[in-house]
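To start, the structure itself, in structure tokens.
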Amino acid sequence: MSERISLKDYVHNAILEDILSYRLKPGEIINEKSMVERFGCSKSPVREALLTLCNENVLRSLPRYGYEVVRLTQQEIREMMEIRMVLELGFVQRYYHTITEEQIRELESINEKCMDENADAETHWKYNTQFHLKLMEYWGNEFAVDALGRCLFSQTRAYIQSYWEKERTTAYSLDTRHHAEIIAALRAKDLDGLVKAIRLDYHDFGGPDSFTMN
């Protein structure tokens with residue numbers, strides 16, 4: 001374990017990784033005692049890690065029983081998409097004309113990783129997150145980047161939950177197939193095409209027939 005990461009953060013990250021990799025599934029219960037035994041440490045860092053995961057809405061505290069892995073509902077996911085739509089479309093429409101060719105090439109580089117069919121769901125979503133956060137960074141508003149990052153963090157669990165709970169029959173690249181259209185519209189300074197491509201990208205969240213918005 002790196003000396004630069006606290007024991008509490010190590011425990012937090014390990015439990016979160018178990019959830020994202022679906023070793024811990026929505027609805028499962030974990031408790032403080034079992035985590036203390038697993039990590040071979042005192043109660044304090046384990047309790048702090050579990051409470052942080054509760055604050056992040058990853059776990060739900062069940063007094064005198066343990067901690068339940070939260071299952072995200074379709075309504076919650078739709079609400080996340082609404083936040084993304086307001087943030088991303090709002091800033092894109094205001095600042096799209098300021099993007100540079102260097103920034104566009106950077107998006108193209110990230111998108112190449114999004115198209116890797118050999119990646120697992122978690123890695124694929126990580127690159128998709130990088131694509132959208134990088135685009136938001138170009139508009140120069142740190143508060144918007146932070147808000148979008150927190151939303152995308154929550155959507156990571158929704159994305160993984162979606163793919164583990166239904167049979168995977170589509171290519172990962174279909175989730176991000178409209179990135180190329182977003183990039184082309186940015187390069188052409190085509191606002192109408194850009195808005196259309198971003199909306200289509202939202203509808204592909206989690207793959208066809210998954211969590212979409214009207």
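Per-structure values
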| quantity | calculated |
| --- | --- |
| Filtered residues of segment 107-125 (kept if assigned to a helix (DSSP H, G or I) and buried (at least 16 other Cβ atoms within 10 Å of the Cβ)) | Leu107, Ile110, Asn111, Lys113, Cys114, Ala121, His124, Trp125 |
| Only listed residue being under 16 Å from Ser154 (Cα atoms) and either at pLDDT below 95 or outside the structural domain of Ser162 (by TED's automatic domain parsing) (or both), chosen from Ile30, Ile15, Ile5 | Ile15 |
| Enumeration of residues in segment 71-109 that are of a type in the set (Ser, Thr, Tyr) and at pLDDT below 95 | Thr73 |
| Long-range neighbours under 7 Å by Cβ, at least six apart or interchain, first residue closer than 18 Å to Leu87 by Cα and in the same structural domain as Glu106 (by TED's automatic domain parsing) within segment 174-202, second assigned to a loop (DSSP other than H, G, I, E, B) and of a type in the set (Val, Ile, Thr) | Leu186/Ile99 |
| Helices (runs of 4 or more DSSP H) enclosed by segment 1-98 - at least 2 residues per element that are under 23 Å from the mean Cα position of the chain (by Cα) | 7-20, 43-55, 74-84, 90-95 |
| Among residues of segment 88-136, those that are of a type in the set (Asp, Glu) and free of Cβ contacts under 8 Å to residues at least 40 places away in the same chain, counted | 4 |
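The values are calculated or read from the model by the stated rules, or taken from the named source; none is laboratory data. Remember, predicted model here, so these are calculated numbers, not experimental data. Cβ: placed from backbone, ideal geometry, glycine included. Neighbour counts: every protein chain shown.
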